[in-house]
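Visitor: Please see the structure below; I have some questions.
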Amino acid sequence: MLRLKCLDVIFWLLFYYHFQTQYSKEYLKCKDPRLCDEALAYAQFITENFPAPKNLTLEVMRQRSENVHAKINEKLIGTFKGTEEERKIKVDADTEIPITIYTPADVKKDKMVLYFHGGGWTQCSRKTHQTIVNMLADATKTIWISVEYRLSPEYKFPIWLDDACEVTRQILANKKDYGADETTKIGVAGDSAGGLIAASVCHTVKGLDFQILVYGAFDFAGNTESYKEFTRPEHILTPQVISWFQTNALRDDNDTKNPRASVLLYESFEGLPPCLFIVAELDPLRDDSYEYQKKLEQAGVKTKLVLVNNIIHSFFSLPGIYEKACGQAVEAVTEFMNSL
């Protein structure tokens, strides 16, 4: 069984204890009045249903993430109006990456989206993000392919990114094998860690037609104002938590300076596909999206940014609680794809 290092265990025990004892509805109202009712409902749900785990391992954390998503999204599971197909794509001599192809019942074949889930490069999966991907497929009437790239710390950068790039290359080269036509426009999308993956894939793989980046992490330096502002437990994703994810995702500090990991460090942004940014207002990663949008627009890339107000990081994969916030995001994705 893969266990966290001693210091990591202490950090996560303290974090979950702090979360369990102080992250209550009353506490949140006291600490950040900007939080909306959906964020407060999420806090109450976690406090009441998912107290701090006693046996703290990566396996437990990953299973807990799946359980949280399954419980919150319970009423939406099974409502997808289409078909699911499990496939595997071979990325090297020894590795096959699982994918799920979601084809809505009234599918159009003008576009297709490859989706990379969030989770700090260490947790979450196609399963945790299935509900939101299903909603997006139904809303846009297009095929969405969810990709199960390998996770850290077992597989550190650049492995998880190389997995995504190779899967994207193979689907681009064989569109018809995955339900598309030769003229189908292919885009990438992702949230958080998956947002970085989607953005980085666009720099490496040529021929993509659009990108959808949901509160992505675009620079590991962490020097933005939002990074300094959202540091309290009620914001969930804090700089301390980001640091833990970064330690597990990257091999060393040199990787933080690699443009493939910190895409804001690229020298050129010309020729990238049109981009939709979906941003959470109360998120330390918020300003990453603002800065990346500036870089793209300066290079002549068409962009649109939608700010979801009074919301914290990680809402996107939890439409069972974040009904309004996810509804706004799904509407934005639908309008963006229709405009292409």
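Visitor: Identify all residues within the stretch 249-266 that are in a helix (DSSP H, G or I) and either surrounded by 21 or more Cβ atoms within 10 Å (Cβ to Cβ) or small (Gly, Ala, Ser) (or both); write none if there are none. So that I can check it myself, show each step before the final result.
Guide: So in the stretch 249-266, the residues in a helix (DSSP H, G or I) come out as 249, 253-257, 263-265.
If the condition is that a residue be in a helix (DSSP H, G or I) and either surrounded by 21 or more Cβ atoms within 10 Å (Cβ to Cβ) or small (Gly, Ala, Ser) (or both), then 249, 263 are the ones that fit.
Visitor: Which of the residues belonging to the stretch 129-142 are part of a helix (DSSP H, G or I) and either over 17 Å from residue 211 (Cα atoms) or among the small types (Gly, Ala, Ser) (or both)? Steps first, answer last, please.
Guide: Filtering the stretch 129-142 for residues part of a helix (DSSP H, G or I) gives 130-140.
Listed by number, the residues that qualify are 130, 131, 134, 135, 137, 138, 139.
Visitor: Oh, and also: When the residues of the stretch 10-67 are filtered to those that are out of contact with any Asp or Glu (no Cβ under 8 Å at 6 or more places or on another chain), charged (D, E, K, R) and at pLDDT below 80, which remaining residue is surrounded by the most Cβ atoms within 10 Å (Cβ to Cβ)?
Guide: Out of the qualifying residues, it is 25.
Visitor: Could you tell me which numbered condition residue 113 fails, if it satisfies all but one of (1) farther than 30 Å from residue 50 by Cα; (2) surrounded by fewer than 16 Cβ atoms within 10 Å (Cβ to Cβ); (3) under 17 Å from the mean Cα position of the chain (by Cα)?
Guide: (2)
Visitor: Which residues, taken from the stretch 93-145, are among the acidic types (Asp, Glu) and touching a Pro at 6+ places or on another chain (Cβ under 8 Å)? Talk me through it step by step, then tell me what you get.
Guide: We begin by selecting, within the stretch 93-145, every residue among the acidic types (Asp, Glu); these are 94, 96, 106, 110, 138.
Residue satisfying the conditions is 138 alone.
Visitor: Where the second residue is in a strand (DSSP E or B) and the first is small (Gly, Ala, Ser) and lies in the stretch 88-108, which pairs have Cβ atoms under 7 Å and are six or more apart or on separate chains?
Guide: 105/82
Visitor: Further question: Looking at the structure I just gave you, is residue 126 closer than 21 Å to residue 313 by Cα and either at pLDDT 95 or above or outside any helix (DSSP H, G or I) (or both)?
Guide: Values: closer than 21 Å to residue 313 by Cα: yes; either at pLDDT 95 or above or outside any helix (DSSP H, G or I) (or both): yes.
It is true that residue 126 is closer than 21 Å to residue 313 by Cα and either at pLDDT 95 or above or outside any helix (DSSP H, G or I) (or both).
Visitor: Which residues, taken from the stretch 206-227, are surrounded by fewer than 17 Cβ atoms within 10 Å (Cβ to Cβ) and under 24 Å from residue 325 (Cβ atoms)?
Guide: The one that is surrounded by fewer than 17 Cβ atoms within 10 Å (Cβ to Cβ) and under 24 Å from residue 325 (Cβ atoms): 225.
Visitor: I'm trying to understand the selection: among the residues of the stretch 144-192, which are of a type outside the set (D, E, K, R), surrounded by fewer than 20 Cβ atoms within 10 Å (Cβ to Cβ), assigned to a loop (DSSP other than H, G, I, E, B) and out of contact with any helix residue (DSSP H, G or I) (no Cβ under 6 Å at 6 or more places or on another chain)?
Guide: If the condition is that a residue be of a type outside the set (D, E, K, R), surrounded by fewer than 20 Cβ atoms within 10 Å (Cβ to Cβ), assigned to a loop (DSSP other than H, G, I, E, B) and out of contact with any helix residue (DSSP H, G or I) (no Cβ under 6 Å at 6 or more places or on another chain), then 155, 158, 174, 179, 183 are the ones that fit.
Visitor: If residue 248 satisfies all but one of (1) under 15 Å from residue 158 (Cα atoms); (2) modelled with pLDDT of 95 or more, what's the number of the condition it fails?
Guide: Here residue 248 meets the rest and fails (2).
Visitor: Being closer than 25 Å to residue 223 by Cα, in a helix (DSSP H, G or I) and either in contact with a Phe, Trp or Tyr (Cβ under 7 Å, 6 or more places away or on another chain) or not basic (Lys, Arg) (or both) is the filter here, so list the residues in the stretch 291-327 that pass it.
Guide: Scanning the stretch 291-327 gives 291, 292, 293, 295, 296, 297, 298, 315, 316.
Visitor: OK, next. Hey, could you check the stretch 75-110 for residues that are of a type in the set (D, E, K, R) and not in a strand (DSSP E or B) and say which is surrounded by the most Cβ atoms within 10 Å (Cβ to Cβ)? Before you say what the answer is, go through the steps one by one.
Guide: The first filter runs over the stretch 75-110 and keeps only residues of a type in the set (D, E, K, R), leaving 75, 81, 84-88, 90, 92, 94, 96, 106, 108-110.
Remaining after also requiring not in a strand (DSSP E or B): 75, 81, 94, 106, 108-110.
Working: 75: 10, 81: 11, 94: 6, 106: 8, 108: 12, 109: 18, 110: 15.
Step by step, filter the stretch 75-110, then rank; the result is 109.
So that you can scan it fast, the table gives a plain yes or no per residue for (1) in contact with a helix residue (DSSP H, G or I) (Cβ under 7 Å, 6 or more places away or on another chain); (2) under 29 Å from residue 322 (Cα atoms); (3) crowded, with 18+ Cβ neighbours inside 10 Å; (4) aromatic (Phe, Trp, Tyr):
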residue	(1), (2), (3), (4)
268	no, no, no, no
272	yes, no, yes, no
278	yes, yes, yes, no
300	no, no, no, no
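The values are calculated or read from the model by the stated rules, or taken from the named source; none is laboratory data. Note that this is a predicted model, so its numbers are computed, not measured. Every residue, glycine as well, gets a Cβ built from its backbone with ideal geometry; the counts of neighbours run over all protein chains shown.
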